[in-house]
Amino acid sequence: MAFACTIPAVATVQQDDTTVRITRWDFEPGAVTGWHEHGWPYFVVMLVAGILRVHDGDQVTDTSLAAGQAYSRPAAIRHDVMNGSNHPITFIEIEVKRPEALVISQGI
């Protein structure tokens, strides 16, 4: 059974070009993204510590993540994400549309 979407998460696209899409996601407690899948591999960087509750269609998994913690996922995995915390959370999602176009610096 899917999450009830009574509180939608708020997506704010910060950059969207031919190489990447960067989106800030803000979730009140219990807020959800709704069912979706990404067309590209992506990274998530937590700005606020919290619990991500992920529904994959079969199972619901809770993962506690610290502020600054990051993870990556491949494209084409259908899922729904809920804030399982009792406080608002925020993360940045970076979808890589063209990995071959990224320029990697050798240092700062």
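Beta bridges per DSSP, both residues in segment 1-90: antiparallel share near 95 percent. Taken about its Cα centre, the chain carries a charge dipole of roughly 140 debye when the Cβ of each Lys and Arg holds +1 and the Cβ of each Asp and Glu holds -1.
Using C-alpha pairs under 8 Å with a sequence gap of at least 6, the mean separation divided by the residue count of the chain gives a relative contact order of 36 percent.
Solvent-accessible area of the chain (1.4 angstrom probe, protein heavy atoms only): carbon and sulfur portion equals 57 percent.
Collect residues whose amide H, placed 1.01 Å from N in the peptide plane, falls under 5 Å from the amide H of A49; neighbours closer than 5 in sequence don't count. Here the answer is A67, since their amide H atoms fall under 5 Å of that of A49. Given axes a ≥ b ≥ c from the Cα gyration tensor, I'd like to know whether segment 33-86 is rounded (a/c under 1.5), prolate (a/b larger than b/c) or oblate. Oblate is the answer for segment 33-86, as a/c is 1.5 or above yet b/c matches or exceeds a/b. Rolling a 1.4 angstrom probe over the protein heavy atoms with all chains in place gives segment 37-106 an accessible area of 56 Å² per residue. Magnitude of the charge dipole for segment 6-60, about its Cα centre and with charges confined to Cβ atoms of Lys, Arg (+1) and Asp, Glu (-1), is about 120 debye.
The values are calculated or read from the model by the stated rules, or taken from the named source; none is laboratory data. No experiment lies behind these values; they were computed from the predicted model shown. Glycine also receives a Cβ, built like all others from the backbone with ideal geometry; neighbour counts cover every protein chain displayed. Accessible surface is based on the protein model in full, side chains and every heavy atom, while ligands, DNA and RNA are left aside. Shrake-Rupley method; radii C 1.70, N 1.55, O 1.52, S 1.80 Å.
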